[in-house]
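*Asks:* Encoded as structure tokens, here's the structure I'll be asking about.
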Amino acid sequence: MIVIGAGGHAKVVISTLIDAGYEVSAAYDDDEAKWGQTVLGVPIVGPIRRLETETDLRAVIAVGENLSRKTISRRLSLNWVSVTHPKAYVHGSVTLGEGSVVFAGAVIQAEADIGEHVIVNTGATIDHDCRIGPYAHLGPGVHLSGGVEIGEGVLLGIAGAVLPGMRVGEWSVVGGGAVVIRNIPSNVKVAGVPAKETK
């Protein structure tokens, strides 16, 4: 297994992989200053472009920024692996897309559908029948009620909450601690309680 990215988010991805029983052999990052160093004992061996001719490697993108994760996934043709920390709870009826990661303490309930390359961060909860679009990032402690729909590329900040049946449109950002009580359109930033659009 390899990881793409060698920043702070990569530390959590690597620790999750190791706790889930994977051996992580290498990390790749475009920051030249990191080459030759290690992240949690994993060697950082060079730039991401070195993977452009590879097709058989098993990999996880360990980059927290959503658009970057999408760009990398479209640029490379690797075997993307989804991983769940052994101290997370994911019901057997959940669909978990390739390349997605579920960190320690997270809970995903019955018949939720998680897209590809999604981050379900530490302690986040996703209740029944939620739909999470690809490349979304649910920050630590986010709570989604039942039947919530999260669009592609959405960022839900730490400790945010979404009421039952609400939708957050593609590539929108919900600020930390915000509470979504009505549908949020695409490509906006919202914050506060209740969540309102902000500049």
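*Asks:* Once the dipole of the chain is set up with Lys and Arg at +1 and Asp and Glu at -1 on Cβ about the Cα centre, which of Val180, Ser15, Ala62 lies farthest towards its positive end?
*Replies:* Val180
*Asks:* Work out how much length Ser77 to Gln37 would gain on full extension: take 0.36 nm times their residue separation and subtract the Cα-Cα distance, in nm to one decimal.
*Replies:* 11.8 nm
*Asks:* For segment 2-80, what class follows from the C-alpha gyration tensor (a ≥ b ≥ c being the square roots of its eigenvalues): rounded when a/c is under 1.5, otherwise prolate if a/b is larger than b/c, else oblate? Working shown, then result.
*Replies:* Numbers: a/c = 1.33, a/b = 1.17, b/c = 1.13.
Rounded.
*Asks:* A further question on this structure: In segment 1-32, whose amide N lies under 12 Å from the spot 7 Å out along Cα-to-Cβ of Glu54? List them in ranges.
*Replies:* 1-5, 24-29
*Asks:* Still on this model: Holding the Cα-Cα limit at 31 Å, pick out from Lys70/Lys199; Lys70/Lys189; Lys11/Lys70; Lys34/Lys189; Lys34/Lys70; Lys11/Lys189 the pairs that are longer than that.
*Replies:* Details: Lys70/Lys199 25 Å; Lys70/Lys189 20 Å; Lys11/Lys70 20 Å; Lys34/Lys189 33 Å; Lys34/Lys70 22 Å; Lys11/Lys189 28 Å.
Beyond 31 Å between Cα atoms: Lys34/Lys189.
*Asks:* Under the definition of Cα pairs under 8 Å and six or more residues apart, what whole-number percent is the relative contact order of segment 76-129?
*Replies:* Details: 132 pairs, mean separation 17.8, N = 54.
About 33 percent, as a whole number.
*Asks:* Select from Leu138, Val83, Ile4 the residue farthest towards the positive end of the dipole of the chain; place +1 on Cβ of Lys and Arg, -1 on Cβ of Asp and Glu, and compute about the Cα centre.
*Replies:* Farthest along the dipole direction, towards plus: Leu138.
*Asks:* So, one more: Just Asp56, Asp29, Asp127 to compare: in a GNM of the chain, with alpha carbon springs under 10 Å, which one fluctuates most?
*Replies:* Fluctuation is largest for Asp56.
*Asks:* While we're on this one: Excluding Leu17 itself, what net charge comes from residues whose Cβ is under 14 Å from its Cβ, given Lys and Arg +1 and Asp and Glu -1?
*Replies:* Details: positive: Lys11, Arg58, Lys87; negative: Asp19, Glu23.
Cβ neighbours under 14 Å give a net charge of +1.
*Asks:* Angle check, please: helix 66-75 long axis (alpha carbons) against the longest principal axis of the chain (alpha carbons), in degrees 0 to 90, nearest 10.
*Replies:* Value to nearest ten degrees: 50.
*Asks:* Sum -39500 (n - 2.57) across every DSSP H segment of at least 4 residues in the chain, then divide by the residue count to get the 222 nm mean residue ellipticity, nearest 500.
*Replies:* On the way: 2 runs with 22 residues, N = 199.
So the calculated ellipticity at 222 nm is -3500 deg cm²/dmol.
*Asks:* Let me ask something additional. Using a cut-off of 11 Å between beta-carbons, work out the net charge of the residues near Ser93 (Lys and Arg +1, Asp and Glu -1, Ser93 not included).
*Replies:* Once all neighbours under 11 Å are counted, the net charge is -3.
*Asks:* When the chain is treated as a GNM, springs tying every alpha-carbon pair under 10 Å, which of Ile18, Ile114, Ile44 comes out with the largest mean-square fluctuation?
*Replies:* Ile18
*Asks:* If you don't mind, there's one more thing I want to ask. Remind me, relative contact order of the chain in percent, using alpha carbon pairs under 8 angstrom and six or more residues apart? Please report the intermediate quantities before stating the final value.
*Replies:* Details: 602 pairs, mean separation 22.4, N = 199.
Worked out over the chain, it gives 11 percent.
*Asks:* Sticking with this one: Normalising by the residue count of segment 83-199, find the relative contact order in percent from Cα pairs under 8 Å and 6+ residues apart. All intermediate terms of the calculation are to be shown ahead of the outcome.
*Replies:* Working: 412 pairs, mean separation 17.2, N = 117.
Reported relative contact order: 15 percent.
Each value in this text was obtained by applying a stated rule to the coordinates, not by laboratory testing. Keep in mind the model is a prediction, meaning the values are calculated, not measured. Glycine gets a Cβ as well: all are built from the backbone with ideal geometry, and neighbour counts include every protein chain shown.
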